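Below you'll find the structure, written out as structure tokens, and then a few comments.
The values are calculated or read from the model by the stated rules, or taken from the named source; none is laboratory data. The model shown is predicted, which means the values in this text are computed figures rather than measured ones. We place every Cβ from the backbone using ideal geometry, glycine too, and count neighbours over all the protein chains shown. Ligands, DNA and RNA are excluded from the accessible area calculation, which covers all protein heavy atoms including side chains. Shrake-Rupley method; radii C 1.70, N 1.55, O 1.52, S 1.80 Å.
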Protein chains: 4
Amino acid sequence: MIVVMKQEASHAQIVNVTVRVEQMGCQAHISEGKERTIIGIIGNGRPLDQAHLERLDGVERAVPVLRPFKLASRDFHPQDTIVPINGVSVGGKKLVIIAGPCAVEDREQLLEAAQAVKDGGAHMLRGGAFKPRTSPYSFQGLGEKGLRLLAEARRETGLPVVTEVMAPEQVPLVTTYADVLQVGARNMQNYALLHAVGEAQRPVLLKRGMMSTIEELLMSAEYILSHGNDRVILCERGIRTFEKYTRNTLDISAVPLLKQLSHLPVVVDPSHSTGKWELVSAVSKAAIAAGADGLIIEVHPHPSRALSDGAQSLKPESFNTLMAELQAIAQAVGREL
Amino acid sequence: MIVVMKQEASHAQIVNVTVRVEQMGCQAHISEGKERTIIGIIGNGRPLDQAHLERLDGVERAVPVLRPFKLASRDFHPQDTIVPINGVSVGGKKLVIIAGPCAVEDREQLLEAAQAVKDGGAHMLRGGAFKPRTSPYSFQGLGEKGLRLLAEARRETGLPVVTEVMAPEQVPLVTTYADVLQVGARNMQNYALLHAVGEAQRPVLLKRGMMSTIEELLMSAEYILSHGNDRVILCERGIRTFEKYTRNTLDISAVPLLKQLSHLPVVVDPSHSTGKWELVSAVSKAAIAAGADGLIIEVHPHPSRALSDGAQSLKPESFNTLMAELQAIAQAVGREL
Amino acid sequence: MIVVMKQEASHAQIVNVTVRVEQMGCQAHISEGKERTIIGIIGNGRPLDQAHLERLDGVERAVPVLRPFKLASRDFHPQDTIVPINGVSVGGKKLVIIAGPCAVEDREQLLEAAQAVKDGGAHMLRGGAFKPRTSPYSFQGLGEKGLRLLAEARRETGLPVVTEVMAPEQVPLVTTYADVLQVGARNMQNYALLHAVGEAQRPVLLKRGMMSTIEELLMSAEYILSHGNDRVILCERGIRTFEKYTRNTLDISAVPLLKQLSHLPVVVDPSHSTGKWELVSAVSKAAIAAGADGLIIEVHPHPSRALSDGAQSLKPESFNTLMAELQAIAQAVGREL
Amino acid sequence: MIVVMKQEASHAQIVNVTVRVEQMGCQAHISEGKERTIIGIIGNGRPLDQAHLERLDGVERAVPVLRPFKLASRDFHPQDTIVPINGVSVGGKKLVIIAGPCAVEDREQLLEAAQAVKDGGAHMLRGGAFKPRTSPYSFQGLGEKGLRLLAEARRETGLPVVTEVMAPEQVPLVTTYADVLQVGARNMQNYALLHAVGEAQRPVLLKRGMMSTIEELLMSAEYILSHGNDRVILCERGIRTFEKYTRNTLDISAVPLLKQLSHLPVVVDPSHSTGKWELVSAVSKAAIAAGADGLIIEVHPHPSRALSDGAQSLKPESFNTLMAELQAIAQAVGREL
């Protein structure tokens, strides 16, 4: 942490800051400039709170030097983490494609979708049984019945299942049926839920909140890691901006940045980030070209009948075409599909 | 809902849309323009899903006409809602000032703060026992011990207590001690929590998410209202923008807009929206001038020792000065303090 | 400037940074921490370029310590600047209300509007002769004819005139007719224009760009000041966010922040920031309560016939009501109207 | 345009809207729903102003149906536009790579950079002689001397030159030396400049403003096209968001969206969008995979000595590596490099 004093800060105020810093078990180095005095703080900087320091008399601002995450950091863990999921590995040379409908709607829809994405070459099945919906009047998902259908689809296709968990008390139930627990964008800072999945015996797919910085995403991963679960997959799914033609704005730079800052695997959701199926193909290819370890794509056998997010779902034929195109991109960046 | 067809849409595609609309129990009115055909949908528009319609062949986009909230809407409930809380009323002519520390830290700090804000003229006490913190390494609050201290502070001062609840399973416990359940900004779209507080026997203070629209805030209020709890207080606390000098950007227009769109009372949090105590006074006065029904302000007896958010907390003397200034503003807009 | 080295930075890389810093005429202070080495740079920090330093081998990032503006800074000029404009003073105890139509449309409209705002108590007249419009097919303003009408309205009412200048070569022409040159939000970083108005013999009203930071606004003011024109009035007019119910989001905190960081007067534009006349009154009162030195408000005698921005224009009666309400707020904050 | 009336709108207010619409030469179709009356407006919708209609009594809001751009629209011009520039074609099957330093600094730097990018396989040379800089104290470019050096570099390498023009009065001068006139992000809505380059005899590279929507970018292109210049190249260079690790957020979806909405070629600037040279390679590959027609990349022979934007410039060796990698991506998407 570095403390920048106000121009008019008195000597007594400067001394007071150094005394406080030393009380916290750190060392203070004073640099007196022409216009400002700067105090560098040496020691284990993490317990220091920026807001604390900024409230001391004479302080203009405090600037953190260290990244606030540790277990999620590549400094701490230089090798890539590879998350094994019943025969599929996320984070290695081979790309992982997770596909399926937004929501589980009924047995026929799910089994048809599961078979279609399996035939297209997907490695895992997605589908929501508990759906976070902006409106209390929208379809909220089939709940446990949906989980049972997902388990049936897994038996039929052999594809491991990713599904969302929305509350701490749902974790045991969802763990019974799912191979990967998904934490949705709206819950990225639901700390009670992060705590619960951190203690669960399943890998976690953690989606970036639409309002969250890359640093906050890594801090939420840190919550899960610090509770003992080291099988975390990060997911970039678009952030909220002023642009109105797309549902969200995919932050493509987040892919190489996350790979640089962290050892955790990174997948991209081209469906939610754009909200338009016509853009899914271009954005999927971009994500793989940028270094993503996989994709999570909405595919619905009959999008115009979908109970949620039909406008962003691919038909099986488009998914098949996309998989062929991704093959070429994967090779171009030295990956396999 | 209005459906705009693509320029090249065929007659068959237009007919298909009208057939679908009628299957949903609505009526379709076709208007053929030079460049586009538009289909107006009449009926109870709410069950229609925009994404559905946008996935039909030949459709360019669908535009919702009705606001998606109903119970929260002033159309539906023209009179102002007044929320009574143990002798305090939120939403009437009299403004309500809620003040206290960010977090309950210990008995001495809380009782000193409670007495100070009571002496300054506050009507309710705030203080967090469960703290949502970005970092798993930061102080997470005293939990139930903090709740017991809040109850003690209420006994000592007579001030009703507002405190945050972070997970559905905490609702019964927090309800035992608190007069108002606060749903924090990060949990504004935690639907399991909204469901739980919707069934609780306590008023709810619902904070706008830092990247949530006004419409989404009202939809989250709709969740609570639709589960039977009609004592909801809305709170504008700043949204996330590109500006870096402040922690968030207070959306001051949200105050008159929410009062126009909804019957629910609106309070403003000047502390979190700015993140700087020097700005709290100016922003508090602005909020009251814009028509807010109250404020929720961080006050700490010793901000430089605070375990969280010290930089945005007022000292008791500054709070006293602010209360005197607010008196004048309240009169100027025909309110009482 | 503070330089944070990478964890793995070598001794040679650290030495290299210090050598470069000293070549630039500054001094380097090294602080070696457990996880990172930090280099504080002392001297006249402004000529240092952050990007330069960040490109040196082993550097993780560079953090500026000093604000990059000087002439616009209150550190440099502690007293409030008061801008005198033909008998009106902006920045003193008395508030200044600038009102009039968005665009000058014809003689009758302008004279009617000018008389109406004068009768309502306005101190200056606004009206655009050159209009920046998103579409090349929209009304672009009357040009010089509009300027002549503004001069006529000034003769009739005695109100000084504020009008926009859009290009360097228009500056001499607009200076002939106007009392204040307005630089619009879209031109806040049009440096050729800032240079030109910096050399003009007229006060300048500088509007904040809709996606500009407070620091960038002050840097644009610095351009004007550094070319010799010290009569600059800053204008907060709303920034672009994800919120869709309003045209822009008024950054109310910018008012006290700008007054704290700078000595220049600050006015607020409640019309463009909200885009809805129903919100203008509440937001105007908030701006004055927050410490603004004045307002610039759109008033049109017949908003539903306006050629631009009718939806955000007040009718004269609403303007009169607002002026009465502002009187009370002005008193409440120790100002006069 | 569709007009949504307020719930309480009277019959007379509805009739009034239809009368006004017909006065504007359009037809009005009324649809009466249970909760709202909707008026569809048929005719040439472009001269209608949304703000006008929203100011009529009883109107809740007006919703535009048609895209406001025409000449830039693919509806109007279905074939891809290909812009020929002295032997290079932008917009065809062959990708175009524009590379060079941010600013022209001196003869040696420019000629070294030009030769390096030519050797690496670039098709055009970039370099700024007039530099828009946030601070009046930063290097503002060499001006005409820089233009002469660019012309010399062209003679030496045969590469056509792209350089920025910042003001209408600079257009004739820059046209003398440059092959393509660049309009920078900060000037995207400088309408006087758009008008001037619209009349110039040179192709224009139009950068998206960091605060601008895709629709606004196309409207700015429309300005240029409507003044007679149909050789416009669109450039996505990142937008401003709340994310702090990158300078801007590249809107990757803008690439396929612009290609769908418009016939104009689209290039991507990976240097300004990220602000970090380490991310340039990943983002460049993503842009080509998403369908961009080319890239504009900063390359500097000695980035740590650069007078501007050194942190985002590639060294020649990194540029060479990137070109080889792009070759593979180009093939994978059926393009040539």
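Tally Lys/Arg at +1 and Asp/Glu at -1 over every other residue whose Cβ is under 14 Å from the Cβ of D:N187; what's the total? If you can, show how the numbers build up before the last one.
Numbers: positive: C:R186, D:K131, D:R133, D:R186, D:K207, D:R208, D:R237; negative: D:E164, D:E169, D:E216.
Local net charge: +4.
Would you compute the Debye intensity of the range A:124-195 from its alpha-carbon atoms alone, equal scatterers and no solvent, and pass along log10 I(q)/I(0) at q = 0.16 Å⁻¹ to two decimals?
For the requested q values the scattering log ratios are -0.54.
Can you tell which of C:H263, C:H302, C:H52 shows the greatest fluctuation in a Gaussian network model of chain C with Cα springs below 10 Å?
C:H52
Using +1 at the Cβ of each Lys and Arg and -1 at the Cβ of each Asp and Glu in the range A:1-157, identify which of A:I82, A:P136, A:F69 lies farthest towards the dipole's positive end.
A:I82
Report D for the range B:96-163 in µm² per second (integer): Stokes-Einstein, Kirkwood Rh on Cα pairs, 4 °C, 1.567 mPa s. Don't skip to the end; give the middle numbers.
On the way: Rh = 11.8 Å.
The calculation lands on 110 µm²/s.
Over the range C:148-199, with every protein chain in place, what whole percent of the accessible area is carbon and sulfur at 1.4 Å, could you tell me? Intermediate results must be reported in sequence, preceding the final value.
On the way: 730 of 1510 Å².
Whole-percent figure for carbon plus sulfur exposure: 49.
Once the label point is placed 7 Å from Cα along Cβ, list for C:D57 the distances to the corresponding points in the other copies, in nm, shortest first.
Copy-to-copy label distances for C:D57: 4.9, 6.3, 7.8 nm.
Would you work out which of C:A196, C:G209, C:L150 lies farthest towards the positive end of the dipole of the range C:103-241? Charges go on Cβ: Lys and Arg +1, Asp and Glu -1.
C:G209
Given springs between every Cα pair under 10 Å in a Gaussian network model of chain B, which of B:V283, B:V59, B:V161 has the largest fluctuation?
B:V59
Restrict the search to the range D:136-178; then list the GluC sites (Glu not before Pro) that DSSP places in a loop and that have at most 16 other Cβ atoms within 10 Å of their Cβ. If you can, show how the numbers build up before the last one.
Values: sites: D:E144, D:E152, D:E156, D:E164, D:E169; in loops: none.
Listed in order of number, the matching sites amount to none.
Taking the Cα centre of the range C:65-132 as origin, sum charge times position over the Cβ atoms of Lys and Arg (+1) and Asp and Glu (-1), and report the length of that vector in debye to the nearest 20.
Numbers: 9 positive and 7 negative charges, 89 e Å.
Computed about the Cα centre, the dipole is about 420 debye.
Nearest 500 deg cm²/dmol is fine: what mean residue ellipticity at 222 nm does the protein assembly as shown get from its DSSP H runs of n ≥ 4 alone, each adding -39,500 (n - 2.57), divided by its residue count? Display every interim value, and only then the final one.
Details: 44 runs with 468 residues, N = 1348.
After summing the helix terms and dividing by the residues of the protein assembly as shown, the value is -10500 deg cm²/dmol.
Can you work out the accessible area per residue across the protein assembly as shown, with the rest of the protein chains kept in place, probe 1.4 Å, in square angstrom? It would help to have the intermediate numbers written out before the result.
Working: 43750 Å² over 1348 residues.
Result: 32 Å² of accessible area for each residue.
Hey, in the GNM for chain C with a 10 angstrom Cα cutoff, which one of C:P270, C:P301, C:P168 fluctuates hardest?
Highest fluctuation of the listed residues: C:P168.
Please state, rounded to one decimal and in Å, the Kirkwood hydrodynamic radius that the range D:262-337 gives when every pair of distinct Cα atoms enters the mean of 1/r.
On the way: mean 1/r = 0.0785 Å⁻¹.
Result for the range D:262-337, one decimal place: 12.7 Å.
Placing the label point 7 Å from Cα along the Cα-to-Cβ direction, what are the distances from A:E8 to the equivalent spots in the other copies, shortest first, in nm to one decimal?
Inter-copy label distances (nm, one decimal, shortest first): 4.8, 5.2, 6.9.
Among the listed pairs D:K94/D:K259; B:K145/B:K207; A:K70/B:K131; B:K34/D:K70, which are separated by more than 18 Å between their Cα atoms?
Those over the limit are B:K145/B:K207; A:K70/B:K131.
What's the long-distance tail for the range D:1-141, i.e. % of Cα pairs beyond 26 Å? All intermediate terms of the calculation are to be shown ahead of the outcome.
Details: 5641 of 9870 pairs.
Looking at the range D:1-141, the distances longer than 26 Å represent 57 percent of pairs.
So which GluC sites (Glu not before Pro) in the range A:195-270 end up in coil per DSSP with only 16 or fewer other C-beta atoms within 10 Å?
Passing both the DSSP loop test and the Cβ count: A:E199.
Would you please state which residues of the range C:251-290 a label at B:D80 would reach in this model, taking the label point 7 Å out along Cα→Cβ and a backbone N cut-off of under 18 Å?
C:279, C:281-283, C:285-286
Quick check: the distance between the Cα centres of the range D:258-337 and the range D:170-204, to the nearest angstrom?
23
As an exercise, find the ratio Rg/Rh for the protein assembly as shown from alpha-carbon atoms, using the Kirkwood inverse-distance average for Rh.
Details: Rg = 30.2 Å, Rh = 32.3 Å.
Computed over Cα atoms, the ratio is 0.94.
If you put +1 on each Lys and Arg Cβ and -1 on each Asp and Glu Cβ, how big is the dipole of the protein assembly as shown around its Cα centre, in Debye rounded to 20? Walk me through the intermediate numbers first.
On the way: 144 positive and 148 negative charges, 1 e Å.
That gives the protein assembly as shown a dipole magnitude of about 0 debye.
So what's the Cα pair-distance distribution over the range A:66-112, bin width 5 Å, in %?
So the P(r) values, bin by bin, are 5, 15, 15, 11, 16, 14, 9, 6, 6, 2, 0.
Determine the dipole magnitude for the range A:25-87: charges of +1 sit on the beta-carbon of Lys and Arg, -1 on that of Asp and Glu, nothing else is charged, the reference point is the Cα centre, and the result goes in debye to the nearest 20. Provide the component values of the computation, followed by the final result.
Values: 8 positive and 8 negative charges, 28 e Å.
Value, rounded to 20: 140 debye.
In degrees between 0 and 90, to the nearest 10, how far off the longest principal axis of chain A does helix A:144-157 point, with axes built from Cα atoms?
Roughly 70 degrees between the two axes.
If we hang a label 7 Å off Cα along the beta carbon direction at A:E317, how far is it from the matching labels on the other copies, in nm, shortest first?
5.1, 6.2, 7.7
Rounded to the nearest percent, how much of the accessible area of the range B:207-337 (1.4 Å probe, protein heavy atoms only) is carbon and sulfur?
Details: 1370 of 2980 Å².
The value for the range B:207-337 is 46 percent carbon and sulfur by accessible area.
Would you work out the Kirkwood radius for the range A:74-218? I mean one over the mean of 1/r across all pairs of different Cα atoms, in Å.
Values: mean 1/r = 0.0628 Å⁻¹.
About 15.9 Å, per the Kirkwood formula over Cα pairs.
Estimate the FRET efficiency between B:Q7 and D:H227 by the formula 1/(1 + (r/R0)^6), using the beta-carbon distance for r and 22 Å for R0, to the nearest 0.05. Mind showing how you got there, number by number?
Values: r = 26 Å, r/R0 = 1.18.
Once the sixth-power term is evaluated, E becomes 0.25.
For the range A:208-321, count the residues as N, evaluate 2.2 N^0.38 Å, and divide the Cα radius of gyration by that value, please. Before the final figure, lay out the partial values.
Numbers: Rg = 14.7 Å, N = 114, 2.2 N^0.38 = 13.3 Å.
For the range A:208-321, the normalised Cα radius of gyration is 1.11.
Along its principal axes, what span do the Cα atoms of chain A show, with the longest given first and each in whole Å?
75, 43, 38
Exactly which trypsin sites (Lys or Arg not before Pro) in the range B:61-145 are in a DSSP loop and have at most 15 other Cβ atoms within 10 Å?
Working: sites: B:R61, B:K70, B:R74, B:K93, B:K94, B:R107, B:K118, B:R126, B:R133, B:K145; in loops: B:K70, B:R74, B:K93, B:R133.
Here the sparse-neighbourhood loop sites are B:K93.
Pairing the Cα long axis of helix A:214-226 with the longest principal axis of chain A, what angle in degrees results, from 0 to 90 and rounded to the nearest 10?
80
Could you give the distance between the Cα centres of the range B:73-142 and the range A:217-257, to the whole Å?
If we compute the Cα centre of each part, the gap is 32 Å.
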